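The next block holds one structure in the form of structure tokens; read it before the comments.
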Amino acid sequence: MSVAIYVRVSTLEQAESGYSIGEQTEKLKSYCKIKDWDIAKIYTDPGYSGSSLDRPAIQALISDCKAGFFDAVLVYKLDRLSRSQKDTLYLIEDVFNANNIHFMSLSENFDTSTPFGKAMIGLLSVFAQLEREQIKERMQMGKLGRAKAGKISAWANVPFGYVKNKDTYDIDPLRSGIVKRIYKDYLSGKSITRIMQDLNQEGHIGKDALWSYRTVRQVLDNETYTGRTKYRGQVFNGLHKSIITKDDWDEVQRLLKIRQLDQAKKSNNPRPFQARYMLSGLLKCAYCGSTLAIAKSHTKDGPLWRYVCPSHNVRKYRNGGSAAHYRIAPINCKFKFKYMSELESAVIHEVKKIALNPSAVISSQDDQPEIDKAAIKAQLKKIKRQQDKLVDLYLLSDDLDVDQLHKRADQLKEQAAALRAQLKPSDKNLESFKKTVKDAKEIEKLDYEHQKTIVKMLIDHVNVGNDGINIFWKI
């Protein structure tokens, strides 16, 4: 009798005794020798799961069965053929039996040429699938247990801003600063497209490829930055440290939805964004630091808009709403409220003043974000080492692609230049500020949309107290 041998191991089983490809093959060949059977061919599927028939060797076996190349198929164990009841019965009934080919299993000691063997095949295939379902359930429970313990589950795709360290992430000082900047820029009113363009113009520091709309959006969407892990819709506290506060992440998610809906109404394109109000996201409480929220009063003359501190009246905002998302402890802040029209007029007045004398405000700006010089210097050293390696490759290799070498060298040079620019004072922001100020000389005569654009370009944030405002400019 001519016999085809089929052997399979999954990655999980390769190290288990009795299941290796070599051991299965030797035992089956010895059995054929004892039975005086001729071995037509040995079909091998190393590292393939038995949960489906998407395996190269099993597909070749099926094709050769239909061609009648042998009389029987021999496996070491039934689950080597398949762990799926449906697939097992398909192979036996629609492939083997349909082509008058016997199926035999060495470990279970039966074949389909007997009624008892046919009955046992059906029973054993049921138990094979049961075992597979139990393995799947144990794996899912294991993943859930890891998530509950705060351990990471994404080993390959480490979020930008982190580096993998065993079962958790460590913060990368340089890249985490870029993540913070992306969130800060978005909360200040910048669009995702604008953030992407700014990062790429600066040499996409910390990233080998250009930033795209999608990659910036993924950073804004990733809950990992809040120090949490997510598995199958459930969120757990992670072992890793947060880069972004939970409040900032929640606010970004709220803004993402609002801006997408607003833009969809305009052009069915969810990407561009225009803030609804001139001072949206710019106003900060001078007492507690909360972002002021918009509120509406109903009067006989129509709605009256005002800005309130969400930490002022906790009872009023305890049930949620847009204001509740901005709340910062401690609660019951002493800030009262300011009418929107009053604040917008005050800001327009200040913009008009600096348009006439921009130098007066430049020297007063001491609230600029600090640069992590240590992280930048460490990254510069890393780039220097990479540049040295390129030189070594050039000197030692005979078949190196010189064009690729030059391309990589240019990339490293651009990244280093962008980093060095951050270590020394730059007039770039100042020049951009002065250019924008020129457009604001007659800001009171512009329409609301133009006023709003200029304000967003000039102002970083505005501290608002009961007695007045203090503007911090983007210089």
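Could we say that residue 256 is in a helix (DSSP H, G or I) and either in contact with a Gly (Cβ under 9 Å, 6 or more places away or on another chain) or more than 24 Å from residue 375 (Cβ to Cβ) (or both) here?
Criteria met by residue 256.
Taking residue 249 as meeting all but one of (1) in the same structural domain as residue 214 (by TED's automatic domain parsing); (2) modelled with pLDDT under 85, write down the number of the exception.
(2)
For region 1-25, give me each residue that is at pLDDT below 85, polar (S, T, N, Q) and not in a helix (DSSP H, G or I).
Across region 1-25, the qualifying residues are 10, 14, 17, 20.
Quick one: in region 262-284, of everything that is modelled with pLDDT of 80 or more and out of contact with any His (no Cβ under 8 Å at 6 or more places or on another chain), which residue is surrounded by the fewest Cβ atoms within 10 Å (Cβ to Cβ)?
277
Identify all residues within region 26-62 that are exposed (fewer than 11 other Cβ atoms within 10 Å of the Cβ) and either assigned to a helix (DSSP H, G or I) or of a type in the set (Ser, Thr, Tyr) (or both); write none if there are none.
The answer is 33, 34.
Restrict the check to region 67-83 and report whether at least one residue is in a helix (DSSP H, G or I), in the same structural domain as residue 7 (by TED's automatic domain parsing), crowded, with 19+ Cβ neighbours inside 10 Å and of a type in the set (Lys, Arg).
Checking region 67-83: at least one residue is in a helix (DSSP H, G or I), in the same structural domain as residue 7 (by TED's automatic domain parsing), crowded, with 19+ Cβ neighbours inside 10 Å and of a type in the set (Lys, Arg).
Going by what's in this entry, would residue 259 be described as in the same structural domain as residue 195 (by TED's automatic domain parsing), surrounded by 13 or more Cβ atoms within 10 Å (Cβ to Cβ) and at pLDDT below 85?
Criteria met by residue 259.
Going through region 207-248 one residue at a time, which ones are touching a Lys or Arg at 6+ places or on another chain (Cβ under 9 Å), under 17 Å from residue 176 (Cα atoms) and among the hydrophobic types (A, V, I, L, M, F, W, C)?
239, 243, 244
Test residue 198 against the criterion of being under 21 Å from residue 259 (Cβ atoms) and more than 19 Å from the chain's Cα centre (by Cα), and give yes or no.
Answer is yes for this residue.
Looking only at region 150-182, which residues are over 27 Å from residue 381 (Cβ atoms) and either part of a helix (DSSP H, G or I) or touching a strand residue (DSSP E or B) at 6+ places or on another chain (Cβ under 8 Å) (or both)?
Listed by number, the residues that qualify are 150, 151, 152, 153, 155.
Among the residues of region 184-238, which ones are basic (Lys, Arg) and in a helix (DSSP H, G or I)?
184, 194, 214, 217
Let's see how each residue does on (1) hydroxyl-bearing (Ser, Thr, Tyr); (2) out of contact with any Gly (no Cβ under 7 Å at 6 or more places or on another chain):
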site	(1), (2)
198	no, yes
212	yes, yes
227	no, no
238	no, no
249	no, yes
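Here is a yes/no grid of residues against (1) touching a strand residue (DSSP E or B) at 6+ places or on another chain (Cβ under 7 Å); (2) more than 22 Å from residue 166 (Cα to Cα); (3) of a type in the set (Asp, Glu):
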{"site": "194", "(1), (2), (3)": "no, yes, no"}
{"site": "197", "(1), (2), (3)": "no, yes, no"}
{"site": "208", "(1), (2), (3)": "no, yes, yes"}
{"site": "211", "(1), (2), (3)": "no, yes, no"}
{"site": "217", "(1), (2), (3)": "no, yes, no"}
{"site": "226", "(1), (2), (3)": "no, no, no"}
{"site": "230", "(1), (2), (3)": "no, no, no"}
{"site": "237", "(1), (2), (3)": "yes, no, no"}
{"site": "247", "(1), (2), (3)": "no, yes, yes"}
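Do we find a residue being under 23 Å from residue 457 (Cα atoms), touching a residue at least 12 places away in the same chain (Cβ under 8 Å), surrounded by fewer than 20 Cβ atoms within 10 Å (Cβ to Cβ) and small (Gly, Ala, Ser) anywhere in region 204-219?
yes
The values are calculated or read from the model by the stated rules, or taken from the named source; none is laboratory data. This one's a predicted model, so the numbers in the text were calculated from it and none came from an experiment. So basically every Cβ, Gly included, is an ideal-geometry build from the backbone, and we count neighbours across all protein chains shown.
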